[in-house]
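The values are calculated or read from the model by the stated rules, or taken from the named source; none is laboratory data. As the structure is a prediction and not an experimental result, all values here were calculated from the model. Every residue, glycine as well, gets a Cβ built from its backbone with ideal geometry; the counts of neighbours run over all protein chains shown.
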Amino acid sequence: METSLPLPPSLYAATAVPAPALPPLAADRSVQVAIIGGGFAGLSTALHLAEQGVETVVLEANEPGWGASGNNGGQLNPGLKLDPDKIEATFGADLGRRMIAFAYNTPVFTLDLIRRLGIDCDARQNGTLRAAYHESHARAVETTAAQCISRGMPVRLLDGNEVRQMTGTDRYVRAMFDARGGDVHPLNYARGLARAVLAAGATIHATTRATAVSREGSRWCIQTPGATVRADKVLLAANGFTDDLWPGLRQTVVPLFSSIAATAPLSDETARQIMPARPVLYESGHITVYYRIDASNRLLMGGRGPMRWIHSPDAVAYLMRYAERLWPALRGTAWTHGWNSRLAMTSDHYPHVHEPAPGVLAYLGCNGRGVALATAMGQQLARRLIGGEDAGIDLPITPIRPIRFHAAWPVAVRGAVVLGRIRDRLGL
């Protein structure tokens, strides 16, 4: 029998509600849809399928929320990586506009779902700041804001003084504020979503790694160490932990570690000096830092870190130093947790949906926006799994295209991070 790997030593794991009991698959199953991966995309898809009466099983190698879904910055950020004008130019007016409307509404969709399901996960809608500390980055923020405002979105462009009032630091010269953004305790959200999936009638098997997928007549056969699942349709949704289960899929993304350090709870006085309006923030630049104050007055600082698992805040000391630069009042504050997980980046910075064979969907490449985006994609993927090719969704369905020289990604990533940090310091 398989055993689950322990959760990363995160603040979330230390403060989460208990996980639901999810026994491994021990007997063969026959279902309409099998989902491989128990992150937000897999869980949300299972929920939306089950609510429509589709018999669904989720196979998760560890436990729901074990990967990036339960270990991210907890930010609900609107939009995609690229600007609206670029999206429309690339995908055309019809699909481009649908992609924009869908992506920028994902935090609203997620918060509405949390309320509907009654999930207790510290969900708040205090807005998202995209902040620039160089004039060159500020121009990019201004461009994005103008394109959003022209489309009637609830977005404001803030000058340096306004950003200082919202963040308590004079680091930034410009920021875009989007009122739709917010935050959650992601592991509590993942566990609450898993409970909702069970309540809707689907099944989740934890510590159940899919080891092979093959065609068996008109159906698909998913092998695991304990038993076999036969399904009419399959969704592959492992994101940053995508393996070689489907040929070429792992090579379509670069799995990057994103790290977070968290403080002990801050005094009310100190917390009022840091992000007094409580939005979440991510920086505009090549190598970004992101942060928020959670519901317990802890500061969570995230950014690039070692391309390996970490277990303490000392492994990302630069995040602690940067926080003290932003807010000198933090000097002497205890940092209690440091952790990371793997997310998936695509070469074009768009999330990818593939349909490599009849009845098979793959979704991966959230590019750091997975909490809201993957949740909302669950409804879209369920629609496609039910309706087939006649059911349109608001993202393009593309062929699997492995990244050239994919095996060299660790070296390439280290070089890109160094170059990106240099460019950010120089404002390039």
> Restricted to the range 331-344, and to residues that are aliphatic (A, V, I, L, M) and surrounded by 19 or more Cβ atoms within 10 Å (Cβ to Cβ), which residue is nearest to the chain's Cα centre (by Cα)?
Replying inline: Leu343
>> So Arg369 ticks every box in (1) surrounded by 15 or more Cβ atoms within 10 Å (Cβ to Cβ); (2) at pLDDT 95 or above but one. Which box is left unticked?
In response: (2)
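Residues that are more than 22 Å from Asn340 (Cβ to Cβ) and within 23 Å of the chain's Cα centre (by Cα): which helices (runs of 4 or more DSSP H) entirely in the range 1-104 hold 3 or more of them? If you could, list the steps in order and put the result at the bottom.
Values: elements: 11-15, 40-50, 84-91, 93-104.
Of the helices (runs of 4 or more DSSP H) lying wholly inside the range 1-104, those with at least 3 residues that are more than 22 Å from Asn340 (Cβ to Cβ) and within 23 Å of the chain's Cα centre (by Cα) span 40-50, 84-91, 93-104.
When residues of the range 19-46 are filtered for being farther than 23 Å from Ala344 by Cα and in contact (Cβ under 8 Å) with a residue 12 or more places away in the chain, how many remain? Walk me through how you get there before you give the answer.
First pass over the range 19-46, keeping only residues farther than 23 Å from Ala344 by Cα: 19-33.
In the following step, the residues that additionally are in contact (Cβ under 8 Å) with a residue 12 or more places away in the chain were identified as 19-20, 22-33.
So the count comes out to 14.
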> Can you tell me which residues in the range 135-161 are touching a strand residue (DSSP E or B) at 6+ places or on another chain (Cβ under 8 Å), without any contact (Cβ under 8 Å) to a residue 40 or more places away in the chain, over 20 Å from Arg171 (Cα atoms) and not in a helix (DSSP H, G or I)?
Replying inline: Pro154, Val155
> So which residues in the range 106-121 are surrounded by 18 or more Cβ atoms within 10 Å (Cβ to Cβ) and part of a loop (DSSP other than H, G, I, E, B)?
Replying inline: Ile119, Cys121
> Looking only at strands (runs of 3 or more DSSP E) that fall completely inside the range 285-382, which ones have 2 or more residues that are without any contact (Cβ under 8 Å) to a residue 12 or more places away in the chain and not small (Gly, Ala, Ser)?
Replying inline: none
> Since Asn126 meets every condition but one in (1) within 21 Å of Val163 (Cβ to Cβ); (2) assigned to a helix (DSSP H, G or I); (3) within 22 Å of the chain's Cα centre (by Cα), which condition does it not meet?
Replying inline: (2)
